[in-house]
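Taking it in order: structure first as structure tokens, then the write-up.
The values are calculated or read from the model by the stated rules, or taken from the named source; none is laboratory data. Here the structure is a predicted model, which means the values were calculated and not measured. Every residue, glycine as well, gets a Cβ built from its backbone with ideal geometry; the counts of neighbours run over all protein chains shown. With ligands, DNA and RNA removed, areas are computed over all heavy atoms of the protein, side chains included. Shrake-Rupley method; radii C 1.70, N 1.55, O 1.52, S 1.80 Å.
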Amino acid sequence: MSSASSPVVFEDVQGLVRFAHAQLTRALYLLVRVKDAQLARQWCAGAPVTSAEKTQPPPENALQLAFTAPGLKALGLSDSILAGFSEEFLSGMAGNANRSRRLGDIGASDPAAWTWGRGTQLPHMAAMLFSRDDLEGWRRTVETATWNSAFETIARLSTTDLGGVEPFGFTDGVSQPEIDWMRERSDVNEQAEYAKVLALGEFLLGYPNEYGQYTDRPLVDPAADPANELLPAEDQPALRDFARNGTYLVLRQLEQDVRGFWAFLDRSAQSDPAVREELGAALVGRRRDGRPLLDATGLNDFTYEGDPDGNLCPLGAHIRRANPRTADFPVRPTGLLGRLAMRLGIPTPGFRRDLVAPSRLHRILRRGREYGEPLSSENALQSAPPEEGPRGLHFVCLNANIRRQFEFVQDAWLMSTKFNGLTGEGDPLLGNRLSIAGGPPSDGYSIARAGRPARKLEGLPQFVTVRGGSYFFMPGIRALRYLARGGRDRS
Ligand code: HEM
């Protein structure tokens, strides 16, 4: 049994939590449904899942496994264990119309039109394969003789290596939270500065999160784990923790209209290439090479405190919505009196910064991969060849609380038409441009410019359409073996 403050055991954590597998540039996500539970469990028991342990040399291939709630049930996990998972995971990404509306999955992105993610096309398991040179060979290794009898494949999500750039042409994966793996941070509840290091419990279940608390999760009576497969729950050592070292994985297939994106910017720029670039950067909040629009020493060493009116980076830019960066307090307290006021909860002026909710509690670890043929902005402005294939992002993010992390970022920040005091706008990249609750269409975009009149772009088309999506649980490796043994709390 580990002590309450012991660092995490990397051999039990799936590798994707710690590594983006960047050197494994080829990837394929197989979305499957269980055909034969017994054979599926047998396959899971022997699956060559990659852990978060560092190896020298690094692996040439990797496999990560994640399961939806119906998938865990199909594999035989008992209802009482399943009931310990969060409501949003159990209900699923497309589980009710209210959730879909909040996530912006309406109109062209309505789950009714998804190619996978609901009804008989709801996956049970995602097998995520990564390879340095031989993805096809790795697929054959993973798809053992048992595989075809155990599973039915409903989608094969292929990916393309665009060299760290997403399909619109901007460097992706620049800003990521860092995990306090060694649990060295002691000041969790007093932190007043924006910081990228976050509590382990924000990304792994079974550990304290940014509130200093353990996220609710399924705990198991030891009698139901006679083989001693599961680790004890840190906060309730008499029980075993099915979720320990696991995390929730959000997968969304986001199709990007690269031609539409550049055509709109070209029109708005009256075909001036320099203005086109400037407008593109204003939508994202970074230039194509990843440099932020604010003065910053490094790519990530900034907050928006010095730019309250969005003169440098527009208030609704994608990166400003996705992570407003403001620390957990309306005004950053300085000196002894300031800290005292903060501890006593005495409010201090700071209206603008109070408009955005605390970013420390709403971070996600992005692990997505692009798909489709590359298309430069120049070629995007030429006419399309017949039969052009789709392109976009297989958006993946990891978090310990889907509601407070992914869903909050998606609905309270990205999709909100009132974010940061704005009106009639959604996220410039992701917005569905529809009117929300009888309001105006959300197809505008304001660009403030110091000393010059603000520029307002009107009639933004929808650039991103959701084609599928599901909430998965990516278990720790011991919990995966427990699941493979039958995962029941009554023998
Ligand atoms: C096709 C869809 C998307 C595209 C093209 C896109 C593009 C980008 C780009 C270019 C950046 C800046 C570089 C970086 O920091 O990585 C970025 C940052 C980010 N995006 Fe997206 N994104 C998409 C979808 C999403 C979604 C669905 C979410 C969350 C629900 C999201 C959350 C974030 C976050 C959290 C950041 C980092 C912000 C920061 O910490 O400064 N993105 N995205």
- Message: Could you work out the pair-distance distribution P(r) of segment 252-468 from its alpha-carbon pairs, with 5 angstrom bin width and percents rounded to whole numbers?
- Response: 1, 6, 12, 17, 19, 17, 12, 7, 4, 2, 1, 0, 0, 0
- Computed ³J(HN,Hα) along segment 199-212: with the Karplus parameters 6.51/-1.76/1.60, θ = phi - 60°, integer Hz and x for glycine or proline, the list is 4, 3, x, 7, 10, 10, 6, x, 9, x, 9, 5, 8, x
- Fraction of accessible area attributable to carbon and sulfur, the chain (%, probe 1.4 Å): 51 percent
- Message: What do you get for trypsin sites (Lys or Arg not before Pro) in segment 1-60 restricted to DSSP loop and a cutoff of at most 16 other Cβ within 10 Å of the site's Cβ?
- Response: 35, 54
- Local charge sum around residue 128 (other residues, Cβ-Cβ under 11 Å, Lys/Arg +1, Asp/Glu -1)? +2
- Message: For the chain, what does the helix formula give at 222 nm: sum of -39500 (n - 2.57) over DSSP H segments with n ≥ 4, over the residue count, nearest 500 deg cm²/dmol?
- Response: -5500 deg cm²/dmol
- Quick one: which residues, 5 or more positions from residue 470 or on another chain, have an amide H under 5 Å from its amide H? H modelled 1.01 Å from N in the peptide plane, none for Pro or chain starts. 251
- Task: Can you tell me the relative contact order of the chain? Whole percent, Cα pairs under 8 Å, sequence separation 6 or more.
- Result: 24 percent
- Message: Can you give me the long-range amide H partners of residue 154? Hydrogens built in the peptide plane at 1.01 Å from N, cutoff under 5 Å, separation of 5 or more residues or another chain.
- Response: 31, 32, 33
- Task: Pull up all non-local amide H partners of residue 246: gap of 5 or more, or a different chain, and H-to-H distance under 5 Å with H placed in the peptide plane.
- Result: 205, 476
- Query: Helix 37-46 sits at what angle to the longest principal axis of the chain, using alpha carbons and giving 0 to 90 degrees rounded to 10?
  - Reply: 80 degrees
- Count neighbours as other Cβ atoms within 10 Å of each site's Cβ, and list the GluC sites (Glu not before Pro) in segment 1-106 that are DSSP loop with at most 15 such neighbours. 53, 60
- Query: For segment 175-308, what is one quarter of the convex hull surface built on the Cα atoms, given in nm²?
  - Reply: 12.7 nm²
- Task: Calculate how large, on average over all directions, the projected area of the Cα convex hull of the chain is; give the answer in nm² to one decimal.
- Result: 24.9 nm²
- At 1.4 Å probe size, with every protein chain present, just tell me what the per residue accessible area of the chain comes to in Å². 42 Å²
- Query: If you plug each phi of segment 397-411 into the Karplus form 6.51 cos²θ - 1.76 cosθ + 1.60 with θ = phi - 60°, what whole-Hz ³J(HN,Hα) values come out, in order, with x for Gly and Pro?
  - Reply: 9, 10, 6, 8, 9, 4, 5, 7, 10, 4, 5, 5, 4, 5, 9
- Pulled fully out, how much extra length does the chain show between residue 291 and residue 275, if you take 0.36 nm times their separation in residues and subtract their Cα-Cα distance? 4.1 nm
- Query: Tell me, what HN-Hα J-couplings in whole Hz come from the Karplus equation 6.51 cos²θ - 1.76 cosθ + 1.60 at θ = phi - 60° for each residue of segment 273-283, using x for Gly and Pro?
  - Reply: x, 5, 5, 4, 4, 4, 5, x, 5, 5, 5
- Relative to the Cα centre, what is the charge dipole magnitude of segment 235-300, using +1 at the beta carbon of each Lys and Arg, -1 at the beta carbon of each Asp and Glu, and rounding to the nearest 20 debye? 160 debye
- Message: Within 10 Å of each candidate Cβ there may be at most 10 other Cβ atoms; applying that plus a DSSP loop requirement, which GluC sites (Glu not before Pro) in segment 402-491 survive?
- Response: 458
